[in-house]
Amino acid sequence: MTQVFNTYFKRFEVRNQMIAHEPHPSVNIIVTIPCFNEPNLNETLLSLANTKAHTGKAEVIVLINNAQDAEKHLVEQNLKTYSESIEFCKRATVEHLRFQIIYVSDFPQKHAGVGLARKTAMDEAVRRFAQIRNPHGIITGLDADCTVSDNYFLEIEKHFTEHPQSNCCSIHFEHPLVGDIFHSTQYQAITNYELHLRYFKHALAYTDFPYGYYTVGSSFAVRAETYAEQGGMNKKKAGEDFYFLQKIIALGKFSELKSATVYPSPRESDRVPFGTGAAIKKILTSDKTDYYTYNFAAFELLKDFYTKIPNLYYSPQSVKIHEILDRYLHKTDFYENLEKIRNNSTDIEIFTKHFVRIFNAFSIIRFLNDTRSDSTFPEVEITEATRILLSKLNHTYNTPTDFSSILKYFRKIDTST
């Protein structure tokens, strides 16, 4: 076991080894899936079983879980899911893939949730790679209501082979926009929400913020060594993926995998206060017929701010910050932190790296929400916001009022090389 793995387990381990047998020495990808109250897990497993073989081997660790005092019906569903998935695995004979189904029924109520479940599964994946001395092994995050394209393993392996310096990547995702599983209003809701996610990501890139990436828990892959070095997944009950990936992104070796696709479910959920499921529920229960997102004017202000980074290093007294942003920066102690990083930066390159860490994605979202809530930059209907953004990005696409067409255009942008 490498030293980084030894150190990780001494400091951050939350549970002892759960899988008794060692992995095949050729395992180079391990998929981790937290699973709670999921009746259709086998659809996800079948999708993975139908993938094409890559040159190595893969494992799938499913962590079915609940709190030690969980309600009876949740425990019953988890037991049913566990039994069904075990039976599926007996029938699924896939040469390049092995399933590991684990059921943990004693999470403490204080910490029980998706963060702890994802961390426990990913920790076990690290332990598996440690056993075969493979610090460069790849751990992917997936959810129990997703399916994947059949080239999922092929393209993940290829991506990290072709990008050896990359320590983590986002994987392209697409929610289903039509179908007969959900009501049409639900497909419309997920179309709106995914369009918002893509608008936000591209608007963030427009500001010249260097770390504008998708941070979706079901659509990322990270090297085991990097996971351990950064202290692993957190135990947050919501937003664990965002917090974890922002920490990795700040290292500066993040990449985007555009040639494989994850298909998350468009279902609603009340399990966590924010995220896709919560957003869909909010849309479905809203009396608004339109969907609103961040005002593009706020991103224009942020773009102007990022152009001032050199001047904030060389002559901060001469820099004029827009009064709206200036008010926010004072409220969040930004200027005190700015002075500290100026004193600890020997050149503009180091200063810039520190700068985007103190005014990071968290700060941007807080600023956007702050100005939205006090009506400084009131929300804008999503088709109007995307029309402005596409124009600023010099795309000649004539934005229609068809949300689906706009979203598909953004998807096309995201998968282009």
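Here, each number is a calculation from the coordinates, and none is a lab measurement. Every value quoted in this text rests on a predicted model; they were computed, and no experiment measured them. A quick note on method: Cβ atoms are made from the backbone with ideal geometry, for glycine too, and the neighbour counts reach across all protein chains shown.
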Folded to 0 to 90 degrees: helix 3-12 orientation relative to the chain principal axis, Cα: 80 degrees
Per the charge dipole of region 293-415 (beta-carbon charges, Lys/Arg positive, Asp/Glu negative, Cα centre), the residue among Phe359, Ser345, Ser373 reaching farthest to the positive end is Ser345
From the P(r) of the chain, can you give the percent of Cα pairs sitting at distances over 26 Å? 58 percent
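Cα gyration tensor of region 121-165, axes a ≥ b ≥ c as square roots of the eigenvalues: rounded (a/c below 1.5), prolate (a/b > b/c) or oblate?
Here region 121-165 falls in the oblate category.
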Listed residues Phe220, Phe107, His172: farthest to the positive end of the dipole of region 94-223 (Cβ charges): Phe107
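Using a Förster distance of 45 angstrom, determine the FRET efficiency expected from the C-beta separation of Lys308 and Val14, and round it to 0.05.
On the way: r = 43 Å, r/R0 = 0.95.
It comes to 0.60.
Working out 0.36 nm times the residue gap between Ile86 and Thr376, then minus their Cα-Cα distance, what length gain in nm do you get to one decimal?
On the way: separation 290, 0.36 × 290 = 104.40 nm, distance 5.42 nm.
Once the chain is fully extended between Ile86 and Thr376, it gains 99.0 nm.
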Would you mind pulling out the separation of the Cα centroids of region 290-321 and region 181-196, in Å? 33 Å
Helix-only estimate, please: 222 nm mean residue ellipticity of the chain, summing -39500 (n - 2.57) across DSSP H runs of length 4 or more and dividing by its residues, to the nearest 500. -15000 deg cm²/dmol
Of region 173-194, those with amide N under 16 Å from the point 7 Å along the Cα→Cβ vector of Thr415 are 173-178
Where the only charges are on Cβ atoms (+1 Lys, Arg; -1 Asp, Glu), what is the dipole of region 3-289 about its Cα centre, to the nearest 20 debye? 640 debye
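In the structure displayed, which of Lys247/Lys320; Lys236/Lys353; Lys52/Lys237; Lys247/Lys331 lie more than 28 Å apart, Cα to Cα? Mind dumping the intermediate values first?
On the way: Lys247/Lys320 30 Å; Lys236/Lys353 26 Å; Lys52/Lys237 34 Å; Lys247/Lys331 24 Å.
Result: Lys247/Lys320; Lys52/Lys237 exceed 28 Å.
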Can you give the FRET efficiency to the nearest 0.05 for Lys320 and Ser405, using r as the Cβ-Cβ distance and R₀ = 30 Å? 0.15
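For a quick check: sort Val216, Val75 by the number of other beta carbons within 10 angstrom, fewest at the front. Walk me through the numbers on the way to the answer.
Details: Val216 21, Val75 16.
The fewest-first ordering by Cβ neighbours comes to Val75, Val216.
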From phi via Karplus (6.51, -1.76, 1.60), per-residue ³J(HN,Hα) for region 100-114 in Hz, x at Gly/Pro: 10, 9, 10, 10, 10, 10, 10, 4, x, 3, 4, 10, 4, x, 5
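Between His183 and Leu393, what length comes free when the chain is fully extended (0.36 nm per residue of separation minus the Cα-Cα distance, one decimal in nm)?
That pair, His183 and Leu393, stretches by 72.2 nm at full extension.
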Give the angle, between 0 and 90 degrees and rounded to the nearest 10, that separates the Cα long axis of helix 296-307 from the longest principal axis of the Cα atoms of the chain. 80 degrees
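Please work out the FRET efficiency for the pair Asp69 and Asn344, using the Cβ-Cβ distance as r and a Förster radius of 35 Å; give the result to the nearest 0.05. Walk me through the intermediate numbers first.
Details: r = 48 Å, r/R0 = 1.36.
Computed FRET efficiency for Asp69 and Asn344: 0.15.
So in the chain, what percent of DSSP beta bridges are antiparallel if you round to the nearest 5?
Values: 12 of 38 bridges.
Here the share of antiparallel DSSP bridges comes out near 30 percent.
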Charge dipole (region 3-289, unit charges on Cβ, about Cα centre) - positive-most of Ala144, Ser83, Val14: Val14
Cα long-axis angle, helix 152-162 against the chain (0 to 90 degrees, to the nearest 10): 60 degrees
What's the extension gain from Lys353 to Lys331 if we count 0.36 nm per residue and subtract their Cα-Cα distance? 5.7 nm
Trypsin sites (Lys or Arg not before Pro) within region 105-212, DSSP loop, no more than 11 other Cβ atoms inside 10 Å: Lys110, Arg133
With a ≥ b ≥ c from the Cα gyration tensor eigenvalues, square-rooted, and the rule rounded for a/c under 1.5, otherwise prolate when a/b > b/c and oblate otherwise, region 33-151 is oblate
Specify the residue with the greatest mean-square fluctuation among Ile19, Ile138, Ile30, computed from a Gaussian network of the chain linking alpha-carbon atoms under 10 Å apart. Ile19
For a test of the definition: using alpha carbon positions, the gyration tensor, and the 1.5 limit on a/c, classify region 293-415 as rounded, prolate or oblate. prolate
